[in-house]
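Here, each number is a calculation from the coordinates, and none is a lab measurement. This structure is a prediction, so every number in the text was calculated from the model and none was measured. Because the Cβ atoms are built from the backbone with ideal geometry, glycine has one as well, and the counts that use them run over all protein chains shown.
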Amino acid sequence: MLTPLASLRTGLELHLTAESRAWLHRALAEAADARTDPAAPRTGAAPRLPSWELHFVTAGRKCRPAPRGGAAASASDPVDAARVLILHAAAPGTDALARLYTRGTADERRAVLLALPHLDPPPETAGALALVEDALRANDTRLIAAALGPYAAAHLDAHQWRQGVLKCLFTGVPAAVVAGLEHRAAGDAELARMLEDYARERTAAGRTVPEDLGHLLKLARFEETEEREAP
């Protein structure tokens, strides 16, 4: 499920120090300014990074949670949440997103992926999907999980989506992180065939079959939906 941005911001601010909240307000204001005036400032002949990009990069240092004692932690990683909010405020084009992704750390790449369904106007679909597909070729489990969020559920084609589900099994990413899993997997005969082949390969090699595979097979065979509808 896609967390509304207002809820994301409220939850984030409640968990930040006063200094980090002030930084966040400044970062979002400057990102919103860049949305209306996207031209990057220049120093001499060389272009300088827009301030919102600098805030995106430095969020890991600036976004500090306040001590809460026994209070529950925020549901979202504060740095991820801050970066998603900055990207939404700045509304960067697909080229800017690709630059942030390709030049960024793993944490910055994950934030770009998490932000994709929140961006308005949305990025160019082919360019955004290229970032999702790149993440699914990686072995970083947090990138894989972020790549299979609501944007992938809405836009990834059937073949790539099935490969993403299998990648979760290969790498130990819980199937529960896959957005829209029940809707997209339900009655997918090709996914069921791929899962059955994978289970046979694992069994023949004397390896354990991932626990999630049984649940995925039930969805793909439509068994789980039938069980729920049964009187």
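Before moving on, here are some points about what is shown:
- Here Arg61 meets each of (1) surrounded by fewer than 21 Cβ atoms within 10 Å (Cβ to Cβ); (2) in contact (Cβ under 8 Å) with a residue 60 or more places away in the chain with one exception, condition (2).
- Subset of segment 1-25 (residues that are over 17 Å from Pro65 (Cα atoms), surrounded by 13 or more Cβ atoms within 10 Å (Cβ to Cβ) and not hydrophobic (A, V, I, L, M, F, W, C)): Thr3
- Checking the stated criteria, Arg193 turns out to be within 18 Å of Gly214 (Cα to Cα) and either within 15 Å of the chain's Cα centre (by Cα) or surrounded by fewer than 19 Cβ atoms within 10 Å (Cβ to Cβ) (or both).
- Count of segment 196-208 residues which are of a type outside the set (Ser, Thr, Tyr) and surrounded by 11 or more Cβ atoms within 10 Å (Cβ to Cβ): 6
- Those residues of segment 16-33 which are over 21 Å from Ala96 (Cα atoms) and in contact with a Lys or Arg (Cβ under 9 Å, 6 or more places away or on another chain), in sequence order: Leu16, Thr17, Glu19, Ser20, Trp23
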